[in-house]
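Working notes for the structure below.
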Amino acid sequence: MDAGLYIVGTPIGNLGDMTARGIETLKEASLILAEDTRQTRKLLTHFDIRTHCISCHKFNEAQRCEEILNRIRNGEVIAMVTDSGMPCISDPGSRIVAACRDAELMITSAPGPTAVTTALALSGFGGHGFLFAGFPARKSGARRKLLEQCAEVPVPVILYESPYRMLKLIDEIETVLGENRKVFVARELTKKFEELISGTAAEIRQRFSGRTVKGECVLIIEPAK
């Protein structure tokens with residue numbers, strides 16, 4: 001493999017979704033950059049990948065840049081993964097990618113699953129583009145402003161949210177966008193307890209009544225009509 005930075009997609013839940021090319025890339029790399037080495041080691045162990053792995057997350061990514069650039073210049077193959085899905089999509093990695101691009105070093109990918117497009121395909125809202133807004137801010141004022149900006153968007157709006165704040169976000173969508181605006185919720189995508197729910201805010205609250213929301217959630221707001 002040529003020296004460079006390899007962005008490797010990893011499963012969003014089901015390990016069977018790991019690609020053969022992704023496994024090969026991780027095995028042949030000189031070093032793996034991982035958002036959380038504990039999580040990534042589970043993946044590496046499952047596929048008998050013995051490449052050395054170091055952390056690269058939002059708190060140390062800037063400090064890693066120069067080291068990674070020098071290693072690539074010296075002929076190394078550096079692979080980058082996050083806990084699930086594609087790096088740089090609401091996950092660390094963009095700073096190192098930008099630094100490699102500025103330094104005119106080789107960057108490529110071994111793509112894999114991503115929750116954004118998986119949820120969109122399952123929602124029935126897709127077909128003509130979408131707006132991905134990532135994780136909403138935690139402060140209510142900023143969240144409301146984001147939803148107000150989504151009110152007239154003519155394509156589906158995709159959000160990530162923690163299970164602890166998912167129902168609060170559903171309430172805010174109802175308040176800002178109205179009680180008839182439909183939302184699609186995908187929880188635990190590709191896992192054993194995957195759950196897909198589509199309906200108004202009231203209908204979604206009813207489905208979760210009396211139980212604790214678990215697992216990362218993808219919410220998709222239907223396009224404005």
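Summary table
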{"read-out": "GNM result for the chain, Cα springs below 10 Å: residue of G112, G16, G85 fluctuating most strongly", "value": "G16"}
{"read-out": "Two-decimal Rg/Rh across the chain, once Rg and the Kirkwood Rh are taken from alpha-carbon atoms", "value": "1.02"}
{"read-out": "Long-range HN-HN contacts of K182 with modeled amide H, under 5 Å", "value": "E222"}
{"read-out": "Filter on K42/K139; K139/K192; K42/K192; K139/K225; K42/K168; K58/K139 - keep pairs with C-alpha separation over 25 Å", "value": "K42/K139; K139/K192; K139/K225; K42/K168"}
{"read-out": "Rounded to 5, percent antiparallel among DSSP beta bridges of the chain", "value": "45 percent"}
{"read-out": "Sequence-distant residues sharing a close amide H with M106 (under 5 Å, placed H)", "value": "L5"}
{"read-out": "Prolate/oblate/rounded call for the range 115-221, Cα gyration tensor, a/c under 1.5 rounded", "value": "rounded"}
{"read-out": "³J(HN,Hα) computed for each position of the range 196-212 - Karplus, 6.51 cos²θ - 1.76 cosθ + 1.60, integer Hz, glycine/proline x", "value": "10, 10, 10, x, 6, 4, 4, 5, 5, 4, 4, 5, 9, 4, x, 9, 8"}
{"read-out": "Value at 222 nm in deg cm²/dmol, rounded to 500, when DSSP H runs of n ≥ 4 in the chain each add -39,500 (n - 2.57)", "value": "-10500 deg cm²/dmol"}
{"read-out": "DSSP beta bridge pairing in the range 97-225, given as percent antiparallel to the nearest 5", "value": "85 percent"}
{"read-out": "Sequence-distant residues sharing a close amide H with S55 (under 5 Å, placed H)", "value": "A34"}
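Every read-out reported here was derived from the displayed coordinates using simple, explicitly stated rules and does not represent laboratory data. Since the model is a prediction, treat every value here as computed from it, not as a measurement.
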